[in-house]
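Here the structure is laid out as structure tokens; the discussion comes afterwards.
The values are calculated or read from the model by the stated rules, or taken from the named source; none is laboratory data. Only a predicted model underlies this, so the values are computations on that prediction, with no experimental measurement involved. Only protein heavy atoms, including side chains, enter the accessible area calculation; ligands, DNA and RNA are left aside. Shrake-Rupley method; radii C 1.70, N 1.55, O 1.52, S 1.80 Å.
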Amino acid sequence: MKGAHRVHRVVCPGSFDPATNGHLDIIGRAAGIYDEVIVAVLINVTKKSLFTVDERVEMLREVTARYGNVKIDRFHGLLVDFCATNGVSAVIKGLRAVSDFEYEMQMAQMNYRMAKVETLFMTTNPLYSYLSSSLVKEIARYGGDVSGLVPDTVLSRLRERLAEE
Ligand code: ADP
């Protein structure tokens, strides 16, 4: 197949409130396959978040600094519009368990129908298959140890933020 159909630039979308080692695993693996990976933080004003979008972008920049081909951005509205504006032809998603599947398949099919944007799924590293940002926040809030589940810089910011609450 000719290059026009090849995927060069992909997007990893999400809330990243905050980024976990599960996210980083997918981002790092995507960076090893594609020329350029854009991690796009969803700006969702109706969803209560622990970290501001600026803070989430800053943390993602820190933890992906080692990859020369990963860029952090933000978006609101439709992901397919972000893809069109940024010349992105595919979305990369991590699949943790069957529970992720139904929702992700619906989104993937709708995005393809709307704009022919492809969605490619990567199976999660089994080390992180039970890991989610919301679970990390809940455990940390009640004093549980989440080291090893999030990057160190996220861990210290998490402790700081929860101490303020
Ligand atoms: P959302 O707001 O869609 O739940 P998240 O920021 O929690 O976004 O996650 C963004 C994406 O990162 C998910 O859709 C999923 O594809 C992937 N992801 C999240 N956690 C993990 C994990 N532990 N392992 C692999 N992929 C993950």
Straight distance only, please: which lysines reach the Cα of residue 71 with their own Cα at less than 22 Å, same-chain residues fewer than 8 apart left out?
-> 93
Which aspartates and glutamates have a Cα lying under 15 Å from the Cα of residue 116, excluding residues fewer than 8 positions away in the same chain?
-> 81
Note: residue 112 to residue 45 extended length (0.36 nm per residue) minus current alpha-carbon separation gives 21.6 nm
Considering amide H positions built from the backbone, and no H for Pro or chain starts, which residues 5 or more places from residue 38, or on another chain, come under 5 Å of its amide H?
-> 10, 11, 12, 71
Output ³J(HN,Hα) for segment 155-165: one whole-Hz value per residue in order, computed from phi by the Karplus curve 6.51 cos²θ - 1.76 cosθ + 1.60 with θ = phi - 60°, and x for Gly and Pro.
-> 4, 5, 5, 5, 4, 4, 5, 6, 5, 6, 6
Phi to ³J(HN,Hα) by Karplus 6.51 cos²θ - 1.76 cosθ + 1.60 over segment 59-76, Hz, x for Gly, Pro = 5, 5, 4, 4, 7, 10, 4, 6, 9, x, 10, 10, 10, 10, 9, 9, 8, 10
Which value at 222 nm does the chain reach when only helices count, each DSSP H run of 4 or more adding -39,500 (n - 2.57), with the total divided by all residues and rounded to the nearest 500 deg cm²/dmol?
-> -13500 deg cm²/dmol
What is the set of long-range amide H partners of residue 122 at a cut-off below 5 Å, with H atoms built 1.01 Å from backbone N?
-> 93, 94, 95
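Run the numbers on the chain and let me know its relative contact order in percent, using alpha-carbon pairs under 8 Å that are six or more apart. The partial results should precede the final answer.
Working: 230 pairs, mean separation 46.8, N = 165.
The value is 28 percent.
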Apportionment of accessible area to carbon and sulfur, segment 1-154, percent (1.4 Å) = 54
Using a 1.4 angstrom probe with every protein chain in place, what is the largest-first accessible-area order of 82, 101?
-> 101, 82
